Amino acid sequence: MASEQADFSGLDRAAVLLLSLGEDQAAEIMRHLGPREVQRLGVAMSKLNRVSADQAHAVMREFREKIEQQTALGLGSNEFLRGALTKALGGERANSLIERILHGGESNGLENLKWLEPRAIAELIKLEHPQVVALVLANIEPEQAGEVLHFLTERQAGEAMLRLAALDGLQPSALRELNEVLEEQLSGDSQSVQVSSVGGPKVTAEILNRVETALSSSIMEHLRSQDEELATKVQDQMFVFDDLINVDDRSLQTMMREISSETLILAL
C-alpha cells in the first residue's frame, strides 16, 4: 500500500477518499469543514490526475483500517472525532473545527465572511470606517485578509492596518453589533457571538507577511508616518525564528549563505 500512495500527501489522500465516496457523501463531510479546509481539499481534488483503481482502493483500505483500529479501542465518538481530525488537519485547525461541531457550530456573520471571495469582502467593507475594516480583517484568516487588502485603495489599506496594529481587544457589545450588521448584509440568521477579536502588531504582521512586497512596504510607510513606535512593533513581528519551519530547504540554504556568521551568532 505504501508504494501505491508514495506520491500522495495526507491532503491528496483525503481528496481521493472524497472523490471515491461520491457527491452526496463528500458534500456531507465537507459541510463540517471550515472554509480553508474546503478550499484546500477542492484544489487538491481538481489537481488529481490519473488516480488508478489500485491507488483509490489503497486509500480506502487505509481509511478503513484506521477506522477499525480507532473504534476497536472503545473510544467515544467525540474522542474519535478529535483524534481523526487532529491527524487530518493538525492540532490548531482541528480544535477550531471540533469546537464548532460539538457546540452546534452554526456560523455567525463574522464567521460567514470566511466563505466569501476576498473581492466580495472588500466590496462589503470598502465604504465602512477604517476601524470596522480593521475588525473584519482581524476576524478572518491572515492569508484571506492579505488578499482583501489588494482590493482596497492604498489609503484604505493603510488606515485599516494602522488601527489593526493598535487594536488590543474589543468590548463584546461592540463585536456583537458588528456581527449583527454583517449578518444583515449577508442575510444570515442571528447567532450568539463567540469570536475572540484581538488585533495588535502580531496579527498585523501575519497579514502583511502574506501580501506583495510593494503593498506591504506602502502600508508600513503609512504606519511609520502615523506611529513610529507601533510600526517598529509590527516590523519586529514580520519574520521570527518560528517562521523558519515554514521555509523550504533550498530557500533556507540560500538564506544561510547570505547571512554572515557574525549576524547569525548575534541573532541566535
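The values are calculated or read from the model by the stated rules, or taken from the named source; none is laboratory data. Computed from a prediction, not measured in an experiment: that's the story for all the values here. Note that we place each Cβ from the backbone using ideal geometry, even for glycine, and neighbour counts take in every protein chain shown.
Could you please let me know if ILE245 is under 10 Å from LEU164 (Cβ atoms) and modelled with pLDDT under 90?
Working: under 10 Å from LEU164 (Cβ atoms): no; modelled with pLDDT under 90: yes.
Against the criterion (under 10 Å from LEU164 (Cβ atoms) and modelled with pLDDT under 90), ILE245 does not qualify.
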Handout entry: Candidate set: the range 133-162, residues that are over 21 Å from the mean Cα position of the chain (by Cα) and not β-branched (Val, Ile, Thr); chosen: the one surrounded by the fewest Cβ atoms within 10 Å (Cβ to Cβ)
Key = ARG155
Handout entry: Test: ARG82 is modelled with pLDDT under 60 and within 30 Å of LEU137 (Cα to Cα)
Key = no
Fill in the blank from the handout: Considering residues that are in contact with a Leu (Cβ under 9 Å, 6 or more places away or on another chain) and surrounded by fewer than 18 Cβ atoms within 10 Å (Cβ to Cβ), the number found within the range 11-26 is 4
Practice task
For SER196, state whether it is modelled with pLDDT under 70 and not assigned by TED's automatic domain parsing to the domain that holds GLU147.
Solution key: no
Completion exercise
Filter the range 3-52 for residues that are of a type in the set (Asp, Glu) and out of contact with any Asp or Glu (no Cβ under 7 Å at 6 or more places or on another chain); the one that is nearest to ALA145 (Cα to Cα) is GLU37
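Please specify each residue of the range 127-154 satisfying the condition of being of a type in the set (D, E, K, R), touching a residue at least 24 places away in the same chain (Cβ under 8 Å) and farther than 27 Å from GLU37 by Cα. Write out each step before concluding.
Filtering the range 127-154 for residues of a type in the set (D, E, K, R) gives 128, 141, 143, 147, 154.
From what's left, touching a residue at least 24 places away in the same chain (Cβ under 8 Å): 141, 143, 147, 154.
GLU154, the sole residue that qualifies.
For every residue, the table says whether it meets (1) in a loop (DSSP other than H, G, I, E, B); (2) at pLDDT 80 or above; (3) of a type in the set (S, T, N, Q); (4) not assigned by TED's automatic domain parsing to the domain that holds ASN139.
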| position | (1), (2), (3), (4) |
| --- | --- |
| LEU11 | no, yes, no, yes |
| ALA27 | no, no, no, yes |
| ARG40 | no, no, no, yes |
| ARG50 | yes, no, no, yes |
